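The block underneath contains the structure these notes are about, expressed in structure tokens.
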Amino acid sequence: MPSALESPGGGEEDVLHYEEIEDDAVSPMDLSELLKEGTKESHDRAENTQFVKDFLKGRIKKELFKLATVALYFTYSALEEEMDHNKDNPVFAPLYFPVELHRREALAKDLKYFYGDDWKEKIQCSEATQQYVDRIHHVGQHEPELLVAHAYTRYMGDLSGGQVLKKVAQRALKLPSTEEGIQFYVFDNISNAQQFKQLYRARMNALDLDKNTKERIVEEANRAFRFNMQVFDELDKIGRSLAEEAQDGGFPVHDGKGDIRKCPYYADKLGTASPGCPFHAALGLARQPLVQLVLAACMAVAAGAAAWYIL
């Protein structure tokens, strides 16, 4: 394992030195393991919310994606404000990585891309997001050891399944290849996400915490999942009221009913050169057992990769 992680700057001041973490032995009482095991059920529930399932399938409307970015901005603003306040507190200090992890400025860039220079005047914190924000502030000011749960839940997810969602959003919303609009998912100062996550978990496991405190952190992590699911549900309700948008891939929405000659793609793109509507061709192909098996496997892989990501 490399002994250091270099940011793109390459200078000595930009080097993040790793602790000695060659020993891969993990104890069931390590905080990272307690969190992993203790939040499995919450992971499953979060992954199966309608918002996340639709997102993974590329069914994300631009307006809804913008609102999700707004929710993230307020959430990370609160989290990073409290992390800054507790950066010297021994119950959290080892997990303070502002250069590598903080997302507030990246989210500000995304909001400027979507809303323009006056984006601050155009956004507001939703009800569900405000409840999440209030809890983070309470924890930071009264129970700072529980900040570990919120930081772990968010940042480890961003570095894992969040990278899957980055690609889905970029493709489905036809965002620029230069990554405008998805800076939230870009970690310029982490060259190897897997190694960084190992470092982060090692730092968590080295925190001087008693059994009761570890249990409270796991409980708080599950609470964080619940807050996120409330935001998901809120976004899902908003999404149902939004007009349908054309999806990626060049195919307009087509319900497969009626005269295929009235299919917009058939009429405008294929003319007389093709014998049928792409919708019907795709539908027929999708009915093949082998194709269904492959599609199911792909969805399982995508869902697994997004296991650590919420919102």
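The values are calculated or read from the model by the stated rules, or taken from the named source; none is laboratory data. Computed from a predicted structure; not experimentally measured. With ideal geometry, Cβ positions are generated from the backbone for all residues, glycine too; neighbour counts draw on all protein chains shown. Surface areas here come from the heavy atoms of the whole protein model, side chains and all, with no ligands, DNA or RNA. Shrake-Rupley method; radii C 1.70, N 1.55, O 1.52, S 1.80 Å.
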Open item on the list: So, taking all protein chains as they sit and a 1.4 Å probe, how much accessible area belongs to Asp210, in Å² rounded to tens?
Closed with: 90
Task: Around Ile136: net Lys/Arg minus Asp/Glu count, Cβ-Cβ under 9 Å - done: -2
Task: Leu165, Leu67, reordered so the largest accessible area comes first (probe 1.4 Å) - done: Leu67, Leu165
Open item on the list: Through the Karplus equation 6.51 cos²θ - 1.76 cosθ + 1.60, θ set to phi - 60°, convert the phi angles of region 137-149 into ³J(HN,Hα) values in whole Hz; use x for Gly and Pro.
Closed with: 5, 4, 4, x, 8, 10, 9, x, 5, 7, 4, 3, 5
Open item on the list: So, for region 69-170, what is the accessible surface per residue at a probe of 1.4 Å, expressed in square angstrom?
Closed with: 39
- [ ] Could you pull out every one of the lysines with an alpha carbon less than 28 Å from that of Lys40, ignoring same-chain neighbours closer than 8 positions?
- [x] Lys53, Lys57, Lys166, Lys167, Lys197, Lys211, Lys214, Lys237
Open item on the list: Apply the Karplus curve 6.51 cos²θ - 1.76 cosθ + 1.60, θ = phi - 60°, to the phi angles in region 118-128 and return the couplings in whole Hz, x for Gly and Pro.
Closed with: 9, 4, 5, 7, 9, 10, 8, 7, 6, 4, 5
- [ ] Using a 1.4 Å probe over the heavy atoms of the protein chains, calculate the carbon and sulfur portion of the accessible area of region 65-173 as a whole percent.
- [x] 47
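Count charges around Glu33 for me, please; just the other residues with Cβ under 11 Å from its Cβ, Lys/Arg as +1, Asp/Glu as -1.
+1
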- [ ] Enter the accessible area of Ile238 (Å², nearest 10), with the probe set to 1.4 Å and all protein chains included.
- [x] 60
- [ ] Could you give the size of the charge dipole of region 31-241 about its Cα centre, using +1 on the Cβ of each K and R and -1 on the Cβ of each D and E, expressed in debye and rounded to the nearest 20?
- [x] 960
- [ ] Keeping every protein chain in place, order Val164, Val148 by accessible area at 1.4 Å, biggest value first, i.e. largest first.
- [x] Val164, Val148
